[in-house]
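Please read the structure below before turning to the comments.
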Amino acid sequence: MSEPDRTTLDIYNSKAAEYADRNEIHLRQDPRLGEFIAACLPGGQVLDLGCGPGTSSAVMASAGLRPLAMDASAEMIALADQLPGVQTQLASFDDLSGIDIYDGVWANFSLLHAPRADFPRHLRAIRRALRSGGPFYIALKLGKGEARDAIGRLYTYYEDDELKDLLRSAGFTPTNSTTGESAGLDGAMARWISVACHG
């Protein structure tokens, strides 16, 4: 067990509204989210792990899914609480437990804040909580090592093959991946990868 990085958490708490405003349109129009929703059982229970302000959960709810939006930031959860159809839980990655609970798990740029040593354990917990055959989408920043960005958030970076090997070791089958480059909350351009899997 390890506590979330306090500096990273403080930054998200202080910038929750800015983060929500900055990402609102992009998250609502994200084609990867549309693919995830289409791959889920209609009306299914899904987990938005590291949900931020809950925008993706709101899109899931409007599509008929039953999302649980989970985040360690109290200010992010306060925003997600205001969204219709979204159930929330203030919790860290280590609080994820249970077996065969979710019909899909969405981890969009959240697990990149977990320490590298904890990452395989978190993936195994997700696999246990995901019903067999359910979709798992994960997005991380590409690169090597660990570092803080310009505003102090701690990141763990992965390369394409490394990430897919870790996913397979946890019991997932990667089906396709997308790469891109975009500006984050710190304003810097960063390369990223998103991998679609099933359990």
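The values are calculated or read from the model by the stated rules, or taken from the named source; none is laboratory data. Since we're looking at a predicted model, the values are computed, not measured. Cβ placement follows ideal geometry from the backbone for every residue including glycine, while neighbour counts extend to all protein chains displayed.
For the reader, a short list of remarks on this structure follows.
- Residue in the stretch 75-90 that is closer than 13 Å to Pro4 by Cβ, surrounded by fewer than 20 Cβ atoms within 10 Å (Cβ to Cβ) and in contact (Cβ under 8 Å) with a residue 40 or more places away in the chain present: no
- Condition broken by Phe109, with the remaining ones in (1) at pLDDT below 95; (2) within 17 Å of the chain's Cα centre (by Cα); (3) farther than 22 Å from Gly34 by Cα satisfied: (3)
- Some residue of the stretch 173-196 being surrounded by 17 or more Cβ atoms within 10 Å (Cβ to Cβ), within 16 Å of the chain's Cα centre (by Cα) and either of a type in the set (Asp, Glu) or in a helix (DSSP H, G or I) (or both): no
- Condition check for Asp30: out of contact with any Lys or Arg (no Cβ under 6 Å at 6 or more places or on another chain), of a type outside the set (A, V, I, L, M) and over 23 Å from Asp186 (Cα atoms): no
- Residues satisfying the stated conditions in the stretch 94-143, i.e. touching a helix residue (DSSP H, G or I) at 6+ places or on another chain (Cβ under 9 Å), over 21 Å from Ser177 (Cβ atoms), of a type in the set (Ser, Thr, Tyr) and part of a loop (DSSP other than H, G, I, E, B): Ser97
Residue by residue, here is whether (1) within 25 Å of Thr7 (Cα to Cα); (2) at pLDDT below 95 holds:
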residue: Arg124; (1), (2): no, no
residue: Phe136; (1), (2): no, no
residue: Tyr157; (1), (2): yes, no
residue: Glu162; (1), (2): no, no
residue: Thr175; (1), (2): no, no
residue: Gly180; (1), (2): no, yes
residue: Ala183; (1), (2): yes, yes
residue: Ala188; (1), (2): yes, yes
